[in-house]
1. I'm checking my understanding of the structure. Among residues of the range 89-103 that are on the phi < 0 side of the Ramachandran plot and out of contact with any helix residue (DSSP H, G or I) (no Cβ under 9 Å at 6 or more places or on another chain), which one is surrounded by the most Cβ atoms within 10 Å (Cβ to Cβ)?
2. Mind checking which pairs have a first residue in the range 10-33 that is without any contact (Cβ under 8 Å) to a residue 40 or more places away in the chain and part of a helix (DSSP H, G or I) and a second that is aromatic (Phe, Trp, Tyr) and surrounded by 14 or more Cβ atoms within 10 Å (Cβ to Cβ), Cβ under 6 Å, 6 or more apart or different chains?
3. Looking at (1) within 22 Å of Leu17 (Cα to Cα); (2) part of a helix (DSSP H, G or I), which is the one condition that is false for Pro42?
4. If you take the residues of the range 19-43 that are in contact with a Ser or Thr (Cβ under 7 Å, 6 or more places away or on another chain) and at pLDDT 95 or above, which of them is surrounded by the fewest Cβ atoms within 10 Å (Cβ to Cβ)?
5. Does at least one position in the range 60-68 carry a residue that is closer than 20 Å to Leu109 by Cα, modelled with pLDDT under 90, among the polar types (S, T, N, Q) and loosely packed, with under 13 Cβ neighbours inside 10 Å?
Amino acid sequence: MSRLKRESVTHIMTKSLQTITIRTPLSEVGRIFTESSFHHLPVVSGDKLVGIISFVDLMRVSFADSFGVTAQQAVYEVLDRTLSVESVMTKDPVTIDSSQTIQDAAEKLADGAFHALPVVGNDNELLGMVTSADLIRYLIAQY
């Protein structure tokens, strides 16, 4: 059995995550995406995962022409008044249990419908995140 088939997904997951809540203003979400290398943010209630929002999700609702404004910050301010994290996020995202393997993560990410997989423990507790990039870096290190 190859190492990929039996190695825990916890080996490649990012453990120290930036998270947001459903009350986080979309302008703050935009600031986080702009100032960091993150493309996905888990949405939590306490330590429980309730959703995920991606940079693409935010861009999908923030086209400047739709609001008649052009400055990105102005767009975010309009979004703060008209939408919420809860209305934009993916509720009940596909997740992977911390007891599953890297191969399980690869299979879930392979269809390309999304590029981030929250890693959860008991009772949907957020433990980490595995992205397509994490998986690619792991595979490169194998060769």
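1. Taking the range 89-103 first, the residues on the phi < 0 side of the Ramachandran plot are 89-91, 93-103.
Going one step further and asking which of them are out of contact with any helix residue (DSSP H, G or I) (no Cβ under 9 Å at 6 or more places or on another chain), we end up with 91, 93.
Values: Lys91: 11, Pro93: 20.
Applying the filter and picking the extreme gives Pro93.
2. From residues that are without any contact (Cβ under 8 Å) to a residue 40 or more places away in the chain and part of a helix (DSSP H, G or I), the pairs are Phe33/Phe55.
3. Only one criterion in (1) within 22 Å of Leu17 (Cα to Cα); (2) part of a helix (DSSP H, G or I) is unmet by Pro42, namely (2).
4. Thr21
5. So the first thing to find is which residues in the range 60-68 are closer than 20 Å to Leu109 by Cα, and the list is none.
Checking the range 60-68: not a single residue is closer than 20 Å to Leu109 by Cα, modelled with pLDDT under 90, among the polar types (S, T, N, Q) and loosely packed, with under 13 Cβ neighbours inside 10 Å.
To keep it simple, each residue is scored yes or no on (1) assigned to a helix (DSSP H, G or I); (2) farther than 24 Å from Ile22 by Cα; (3) free of Cβ contacts under 8 Å to residues at least 24 places away in the same chain; (4) in contact with a helix residue (DSSP H, G or I) (Cβ under 9 Å, 6 or more places away or on another chain).
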site	(1), (2), (3), (4)
Ser87	yes, no, yes, yes
Ala105	yes, yes, no, yes
Lys108	yes, yes, yes, no
Val119	no, no, no, yes
Gly128	no, no, no, yes
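The values are calculated or read from the model by the stated rules, or taken from the named source; none is laboratory data. Given the structure is predicted, the values throughout are model-derived calculations rather than measurements. With ideal geometry, Cβ positions are generated from the backbone for all residues, glycine too; neighbour counts draw on all protein chains shown.
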